[in-house]
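The values are calculated or read from the model by the stated rules, or taken from the named source; none is laboratory data. All figures in this text were calculated on a predicted structure; none of them were measured in a lab. Cβ placement follows ideal geometry from the backbone for every residue including glycine, while neighbour counts extend to all protein chains displayed. Side chains are part of the model used for accessible areas, which takes the heavy atoms of the whole protein and leaves out ligands, DNA and RNA. Shrake-Rupley method; radii C 1.70, N 1.55, O 1.52, S 1.80 Å.
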Amino acid sequence: MNMTAQHKGAEIGISQLSKVYHTREDEDILALDNIDLTIERGSFVAVVGPSGCGKSTLLSLLAGLIPRSSGEISIDRETISKPHPKIGVVFQQDLLLYWRTVIDNILLPIEIKKLDIAKYRDHAEELLEQVGLGGMAKKFPSELSGGMRQRVAICRALIQEPGLLLMDEPFGALDALTREQMIMDLQSMWSRLGNTVLFITHGIDEAVFLADRVLVMSPRPGKIDLDLKIDMPRPRKWAETHEDATYHGYVREIRKIFEAKGILVAH
Ligand SMILES: Nc1ncnc2c1ncn2[C@@H]1O[C@H](COP(=O)(O)OP(=O)(O)OP(=O)(O)O)[C@@H](O)[C@H]1O
Ligand SMILES: [Mg+2]
């Protein structure tokens, strides 16, 4: 399989997208309010926002895991309403099946879709190699660290070469050092693969470091308050970027929005 293909990322269109949850107490909760968004092919977009603002809801709608209340979602101009093969998802918890080996976890989506597993086995090994887990194919999840398991979950999301990779706080459960390494590795992997990424996070720092564009969401009902273009050269180096005034300017701009909304209180 050609892993160096560029511009194979999908283009995403979201128009007037809203989501209302009906609770068991018969309440209506407006989680997302009329979102309009276009995501360019191959770009890296991060979404930050306070807890409960609708970030996971947006991701679940894009992944086709929950029905939308109104509006449209398209991938490469094709309207979608159910899980789509061009989309791969990584969640905060790795959700690996403990009774399957690493390689069999990565091949799970292929098995579920009844595709030819033999055809994808080499690709799975290649992906493992790329995330630094060459030789780990036969291990079980219980034999791996949290960071390694999350790398396997990323491989599973990438096995079908998705044009869009959705990530919902993928590094939230990791320690600081592992998280830093994963952020760097994600950057190099994305620059090799060229797919479109929607990356949800609480971390303003990782959003600015990784993204071409940071979307800042308001508290519920979720809307996009700020669409900030991050204009810094790539590849971005961790230490250098964290000393860069431009980087800190972007971080400040996002923090200011949170402060203005009373989400971050200055002491
Ligand atoms: N199945 C559901 N039924 C009812 N309400 C829900 C449901 N799922 C989410 N909500 C509500 O919708 C809102 C948005 O939830 P969502 O999980 O998208 O937030 P989030 O931004 O991902 O938060 P966090 O940062 O804590 O993960 C919240 O107020 C939540 O309580
Ligand atoms: Mg969430």
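Identify, from the list K237, K229, K223, the residue that is open to solvent by 30 Å² or more (accessible area, probe 1.4 Å), under 21 Å from the mean Cα position of the chain (by Cα) and touching a residue at least 40 places away in the same chain (Cβ under 8 Å). Before you say what the answer is, go through the steps one by one.
Values: K237 fails: touching a residue at least 40 places away in the same chain (Cβ under 8 Å); K229 fails: touching a residue at least 40 places away in the same chain (Cβ under 8 Å).
From the options K237, K229, K223, the qualifying one is K223.
Taking D104 as meeting all but one of (1) away from ligand 2 (no atom under 16 Å from the Cβ); (2) open to solvent by less than 10 Å² (accessible area, probe 1.4 Å), write down the number of the exception.
(2)
Between A63, A46, which is at pLDDT below 95, under 26 Å from C155 (Cα atoms) and within 16 Å of ligand 2 (Cβ to nearest atom)? First the steps, then the outcome.
Working: A46 fails: at pLDDT below 95.
None of the other options fit; the residue is A63.
State yes or no: is G134 at pLDDT below 95, assigned to a loop (DSSP other than H, G, I, E, B) and away from ligand 2 (no atom under 16 Å from the Cβ)? Even if it seems obvious, please write down each step before you answer.
Numbers: at pLDDT below 95: yes; assigned to a loop (DSSP other than H, G, I, E, B): yes; away from ligand 2 (no atom under 16 Å from the Cβ): yes.
Answer is yes for this residue.
Using beta carbons and a limit of 9 Å, which pairs, at least six apart or on different chains, have the first residue in region 11-39 and not assigned by TED's automatic domain parsing to the domain that holds S74 and the second one open to solvent by 80 Å² or more (accessible area, probe 1.4 Å) and at pLDDT 95 or above?
Cβ pairs passing all conditions: none.
Being open to solvent by 30 Å² or more (accessible area, probe 1.4 Å) and within 23 Å of I29 (Cα to Cα): is that true of S70 here?
Numbers: open to solvent by 30 Å² or more (accessible area, probe 1.4 Å): yes; within 23 Å of I29 (Cα to Cα): yes.
Against the criterion (open to solvent by 30 Å² or more (accessible area, probe 1.4 Å) and within 23 Å of I29 (Cα to Cα)), S70 qualifies.
Can you tell me which residues in region 8-43 are within 16 Å of ligand 2 (Cβ to nearest atom) and open to solvent by 10 Å² or more (accessible area, probe 1.4 Å)? Even if it seems obvious, please write down each step before you answer.
Going residue by residue through region 8-43, those that are within 16 Å of ligand 2 (Cβ to nearest atom) are 19, 21, 29, 31-32, 35.
Residues satisfying the conditions are K19, Y21, I29.
Here are some residues: A137, A157, A118. Which one is open to solvent by 20 Å² or more (accessible area, probe 1.4 Å), outside the structural domain of I35 (by TED's automatic domain parsing) and either under 24 Å from W99 (Cβ atoms) or touching a Cys at 6+ places or on another chain (Cβ under 6 Å) (or both)? Write out each step before concluding.
Values: A137 fails: open to solvent by 20 Å² or more (accessible area, probe 1.4 Å); A157 fails: open to solvent by 20 Å² or more (accessible area, probe 1.4 Å).
Criteria check complete, one pass: A118.
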